[in-house]
Amino acid sequence: GQITKKTIFVLTNHIITMKKLFSLIVILVTLSSCQEEVKFNNDPGFQAFRDDVLFRGIDVRAYKSTSGALRIVALAEGEEVVLRTTSTNVGLYPLGTSVSKVATYTNSFDGNDVFYTTGIDIGNGLIEITESANNTVKGKFKFNAENTLDNPFGNELVNFQYGAFYQLPLIPEP
């Protein structure tokens with residue numbers, strides 16, 4: 001065999017085609033390995049944005065009293081959020097209108113306890129229980145609570161938004 005211009009042209013095209021095919025395979029493998037798999041976590045949880053910073057409860061408990069009232073306590077390092085409603089039933093529970101439907105937040109940073117609360121004409125917000133079944137509770141919340149003790153180490157208000165609690169097992173109030 002003699003090598004002609006035609007043979008070189010065919011071999012060159014074949015090599016270019018192989019390079020393109022190889023590049024395509026590399027791109028496909030790279031893209032498929034970068035795909036993020038979305039997994040839904042069914043673990044109980046409690047989180048919200050506190051003054052635009054994520055608050056996530058590390059230790060979360062949902063207590064049901066003998067009268068049917070709900071008290072959720074979410075603890076994080078140096079912080080505590082407590083939500084209270086008059087029932088564990090699905091529904092809307094407005095805050096800032098009573099002492100039986102209340103949200104509180106306490107932080108203990110640097111040894112200074114700052115307490116915020118809602119109450120009658122104090123703060124505002126909403127707790128919404130969206131599901132209450134199989135002895136668990138699920139819902140959403142948002143609130144503005146006031147530094148009612150006027151502690152100079154804290155701001156006048158604390159804001160919680162986009163709050164959610166999920167699949168919290170109800171346990172009897174101690």
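The values are calculated or read from the model by the stated rules, or taken from the named source; none is laboratory data. What you are looking at is a predicted structure, and each value in this text was computed from that prediction instead of being measured. All Cβ positions, even for glycine, are placed from backbone atoms using ideal geometry, and neighbour counts span all protein chains on display. Just so you know, the surface numbers come from the protein's heavy atoms only, side chains and all, with ligands and any DNA or RNA stripped out. Shrake-Rupley method; radii C 1.70, N 1.55, O 1.52, S 1.80 Å.
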Next item on the list: Excluding Arg84 itself, calculate the net charge of residues whose Cβ lies under 9 Å from the Cβ of Arg84, where each Lys or Arg counts +1 and each Asp or Glu counts -1.
Entry: +2
Check: Residues with amide H under 5 Å of Thr86's amide H, sequence separation 5 or more or different chain, H placed in the peptide plane at 1.01 Å from N; which?
Finding: Leu70
Notebook entry, point to check: Given labels modelled 7 Å from the Cα in the Cβ direction, how far is it in nm from Val82 to Ser108?
Noted result: 1.3
Check: Ser100 to Ile171: FRET efficiency via 1/(1 + (r/R0)^6), r the Cβ-Cβ distance, R0 22 Å, to the nearest 0.05?
Finding: 0.65
Notebook entry, point to check: Mind listing the phi-derived Karplus ³J(HN,Hα) values for the stretch 162-171, rounded to whole Hz, using 6.51, -1.76 and 1.60 with θ = phi - 60°, and x for any glycine or proline?
Noted result: 6, x, 8, 10, 9, 6, 7, x, 7, 10
Next item on the list: Taking amide H positions as placed in the peptide plane 1.01 Å from N, state which residues far from Thr148 in sequence (5 or more) or on other chains have amide H under 5 Å from it.
Entry: Thr117
Item checked: Kirkwood Rh in Å, taken over the stretch 51-111 so that all alpha-carbon pairs contribute -> 12.7
Note to self: Counting only protein heavy atoms and a 1.4 Å probe, tell me what percentage of the stretch 46-174's accessible area is made up of carbon and sulfur.
What the structure shows: 50
Next item on the list: Enumerate the whole-percent occupancy of each 5 Å bin, from 0 to the last occupied one, for all C-alpha pair distances of the stretch 50-174.
Entry: 2, 12, 22, 24, 20, 12, 5, 1, 0
Check: Stretch Leu92-Phe153 to full length: gain in nm at 0.36 nm per residue minus the Cα-Cα span?
Finding: 18.7 nm
Item checked: Rounded to whole Å, sorted largest first: equivalent-ellipsoid semi-axes of the stretch 102-174, Cα gyration tensor -> 27, 14, 11
Next item on the list: Enter the accessible area per residue of the stretch 85-149 (Å², integer; probe 1.4 Å; all protein chains in place).
Entry: 49
